Amino acid sequence: MGASGEPGRGVIGVNGEWGEAWPDAGSGRHWHEECGVFGAWGCDHAAQLTYYALYALQHRGQESAGIATVDGGEMFHHRGLGLVAEVFGPEDLERLAGKAAVGHVRYSTTGANKLVNAQPMVFDVHGGPLALGHNGNLVNAGVLRRELEDQGSIFQSTSDTEVVAHLIARHRGGSLVDAIVDSLRTVQGAYAFVFLTPDGLVAARDPQGLRPMALGRFGSGWVVASETCAFDTIGAEFVRDIEPGELLVINGGGVQPVRFAEASRKALCTFEYIYFARPDSDIDGRNVHLVRKAMGKRLAEEAPTEADVVIGVPDSSISAAVGYAEAAGIPYEMGLIKNKYIGRTFIQPSQALRERGVRLKLNPVRKVVEGKRVVMVDDSIVRGTTSRRIVQMLRDAGAREVHVRISSPPVRFPCYYGIDTSAREELLAARLSVEEMTRAIGADSLAFLSEDGMLQALGAGPEAAGRGQGGPGDTFCNACFHGWYPTRLYDDLGKHVMEMAAHRGGYS
């Protein structure tokens, strides 16, 4: 199959078509997670600007951070493990000279949490420096890596992002932009890429639009980011969302759009609205807070209950809880307090850390829940570990009843597009009925928002569910709910596929 390689035995669907429903309930594959990218061109103090933007995107990745800049023909970069504030000091930013920069915050999607996998990655390509950062996950990264290694490429990391750098390096003829375009046509999956060279900044969004990306104006310069909250933080003006299958070349001549792929079906990940994005961000014309609030209202209509108080699990469920309370006519209270200095439970790298971190992260307000019938609104149930512990915390604080309401449908299938959740056998809704889940988490009742209700909250109809009908109505990826995937899938799609490839190749 040339550069894209032959798919393995686990291929779902046909190239260019939506995949079939997931066939193997015993799969040992993993989900992945989020990262955040930012780029600036023609901006004074670009490194400092990027630093503040990465602060705004910190919720998208907390394992590592990095910034690369260009000044004249020279590139400077600094990256490290930890939060943005831990990685960068004033002296680090001072060394990052120039009016152009790219930045990245990372959670390990494909590749372990090691410094070598931190981004932006910097390479010497076609006689000059190239920095690149990536949000998403490439589903054919393992296949491409094996092909590239067979052709003589030597990998320094176990991140799928490096695959793109090698594809660019092996391109012959044409400009660097031509090489980037050809490379993007070879990879498959979800991505929002930023590329930086001395000649320009390039930003690209995958053909399905699975991951968000926007363009902004900062004075006479330009900025791009995974979320618009980064623009608000630095005082930039939102211009527009980058379209699926679109690449922007930004340099002294302005912004030149390049269409590198036609998006036959848009498939924006609904979890961007449900969980990942900040409430003050707008994604593809929708405000995240208002969508979540609408989901809560729909949930109250679909799953009412007699209760005294509604609480939300902070922070991503607060908007939905407010919507539920308004629609149900039940008072909303801050019944759970979050320690904001603890990393997000969902993106800690191991189950052991998740289990140990939940109690440190949340604490119930006893006077709010004691003796009350409580509706606890949360955005999702993945493994059920967090839900079970929170329900028990509320009971320990004196809650008389705990009714759990989830502002999204049950998560029953793995995701391969940049979200870290679990192997399918660890997904609670894949193994248990709602009644069994209710008992498993210790709640008095449990209900989920329907898929149709979720789509209505998004301002879309049932045709937008992404079940493979085709046409302009397929506007969201909901594969984690129903198992229809918007791209071809390959074998070995677990988080550690690149480590396995490196091991086979004899690298450490």
Could you list, ordered by first residue, the pairs with Cβ atoms under 6 Å in which the first is in region 135-155 and in the same structural domain as His171 (by TED's automatic domain parsing) and aliphatic (A, V, I, L, M) and the second is crowded, with 24+ Cβ neighbours inside 10 Å and not in a loop (DSSP other than H, G, I, E, B), at least 6 apart or interchain? Leu138/Gly189; Val139/Gly189; Ala141/Val163; Leu144/Val163
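Please work out which residue is surrounded by the most Cβ atoms within 10 Å (Cβ to Cβ), limiting yourself to region 221-254 and to residues that are within 19 Å of Asp206 (Cβ to Cβ) and among the β-branched types (Val, Ile, Thr). Spell out the reasoning first.
Residues of region 221-254 that are within 19 Å of Asp206 (Cβ to Cβ), as a first pass: 224-228, 240-250.
Filter again for among the β-branched types (Val, Ile, Thr), leaving 224, 228, 242, 249-250.
Numbers: Val224: 31, Thr228: 23, Ile242: 20, Val249: 22, Ile250: 23.
Across region 221-254, the extreme among qualifying residues is Val224.
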Collect the residues in region 398-432 that are touching a Phe, Trp or Tyr at 6+ places or on another chain (Cβ under 9 Å), over 20 Å from Val310 (Cα atoms) and not hydrophobic (A, V, I, L, M, F, W, C), keeping them in residue-number order. Pro410, Arg412, Pro414, Tyr416, Tyr417, Gly418, Asp420, Thr421, Ser422, Arg424
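Can you tell me which of Ala261, Ala300 is among the hydrophobic types (A, V, I, L, M, F, W, C) and not in a loop (DSSP other than H, G, I, E, B)?
Of Ala261, Ala300, the one residue that is among the hydrophobic types (A, V, I, L, M, F, W, C) and not in a loop (DSSP other than H, G, I, E, B) is Ala300.
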Here the residues within region 167-213 that are in contact (Cβ under 8 Å) with a residue 40 or more places away in the chain, of a type in the set (Ser, Thr, Tyr) and under 18 Å from Arg259 (Cβ atoms) are Thr186, Tyr191
Looking at Gly61, is it in contact with a strand residue (DSSP E or B) (Cβ under 9 Å, 6 or more places away or on another chain), in the same structural domain as Phe238 (by TED's automatic domain parsing) and farther than 16 Å from Ala192 by Cα? no
Take the conditions of a type outside the set (Val, Ile, Thr), surrounded by fewer than 22 Cβ atoms within 10 Å (Cβ to Cβ), assigned by TED's automatic domain parsing to the domain that holds Leu210 and closer than 15 Å to Phe195 by Cα and apply them to His126. Does it pass? yes
Looking only at region 117-139, and only at residues there that are of a type in the set (Val, Ile, Thr) and in a strand (DSSP E or B), the one that is modelled with the lowest pLDDT: Val125
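Restricting attention to region 56-109, and to residues there that are of a type in the set (Lys, Arg) and not in a strand (DSSP E or B), which single residue is surrounded by the most Cβ atoms within 10 Å (Cβ to Cβ)?
Start the filter on region 56-109 by keeping residues that are of a type in the set (Lys, Arg), which leaves 60, 79, 95, 99, 106.
Imposing the further condition that a residue be not in a strand (DSSP E or B) reduces the set to 60, 95, 99.
Details: Arg60: 27, Arg95: 12, Lys99: 17.
Per the stated criteria, the residue is Arg60.
Residue by residue, here is whether (1) surrounded by 23 or more Cβ atoms within 10 Å (Cβ to Cβ); (2) out of contact with any Phe, Trp or Tyr (no Cβ under 8 Å at 6 or more places or on another chain); (3) among the hydrophobic types (A, V, I, L, M, F, W, C); (4) not in a helix (DSSP H, G or I) holds:
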| site | (1), (2), (3), (4) |
| --- | --- |
| Tyr273 | yes, yes, no, no |
| Leu290 | no, yes, yes, no |
| Ala294 | yes, yes, yes, no |
| Glu306 | no, yes, no, yes |
| Asp315 | no, yes, no, yes |
| Ala320 | yes, yes, yes, no |
| Gly323 | yes, yes, no, no |
Single residue of region 64-94 satisfying the filter (touching a strand residue (DSSP E or B) at 6+ places or on another chain (Cβ under 9 Å) and of a type in the set (D, E, K, R)) that is farthest from Ser316 (Cα to Cα): Glu74
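Rundown of residues vs (1) at pLDDT 95 or above; (2) within 23 Å of Asn135 (Cβ to Cβ), yes/no style:
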position	(1), (2)
Gly10	no, no
Glu20	no, no
Cys35	no, yes
Trp41	yes, yes
Tyr52	yes, yes
Gly66	yes, yes
Gly73	no, no
His77	yes, yes
Ala100	yes, yes
Picked from region 311-342 (must be in contact with a Pro (Cβ under 7 Å, 6 or more places away or on another chain) and at pLDDT 95 or above), the residue farthest from Val402 (Cα to Cα) is Ser319
Members of region 215-240 found to be under 19 Å from Ile67 (Cα atoms) and assigned to a strand (DSSP E or B), listed by number: Leu215, Gly216, Phe218, Gly221, Trp222, Val223, Val224, Ala225
Picking from Leu184, Leu130, Leu201, Leu144, the residue that is farther than 20 Å from Gly39 by Cβ and not charged (D, E, K, R) would be Leu144
For region 54-68, does any single residue satisfy the condition of being among the aromatic types (Phe, Trp, Tyr) and within 18 Å of Glu227 (Cα to Cα)? yes
Note on region 398-446: residues surrounded by fewer than 20 Cβ atoms within 10 Å (Cβ to Cβ) and touching a Cys at 6+ places or on another chain (Cβ under 8 Å) are Arg412
The lone condition Ser220 fails out of (1) over 28 Å from Asp379 (Cβ atoms); (2) touching a strand residue (DSSP E or B) at 6+ places or on another chain (Cβ under 6 Å) is (2)
In region 189-211, is there at least one residue being assigned to a strand (DSSP E or B) and surrounded by fewer than 24 Cβ atoms within 10 Å (Cβ to Cβ)? yes
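Which residue, of Asp160, Asp178, Asp124, is of a type in the set (D, E, K, R), out of contact with any Asp or Glu (no Cβ under 6 Å at 6 or more places or on another chain) and within 20 Å of Phe76 (Cβ to Cβ)? Full working, then the answer.
Working: Asp160 fails: within 20 Å of Phe76 (Cβ to Cβ); Asp178 fails: within 20 Å of Phe76 (Cβ to Cβ).
Testing whether each residue is of a type in the set (D, E, K, R), out of contact with any Asp or Glu (no Cβ under 6 Å at 6 or more places or on another chain) and within 20 Å of Phe76 (Cβ to Cβ) leaves just Asp124.
The values are calculated or read from the model by the stated rules, or taken from the named source; none is laboratory data. On a predicted model such as this, the values are computed, not experimentally measured, just so you know. Cβ atoms come from the backbone with ideal geometry, glycine included; neighbour counts cover every protein chain shown.
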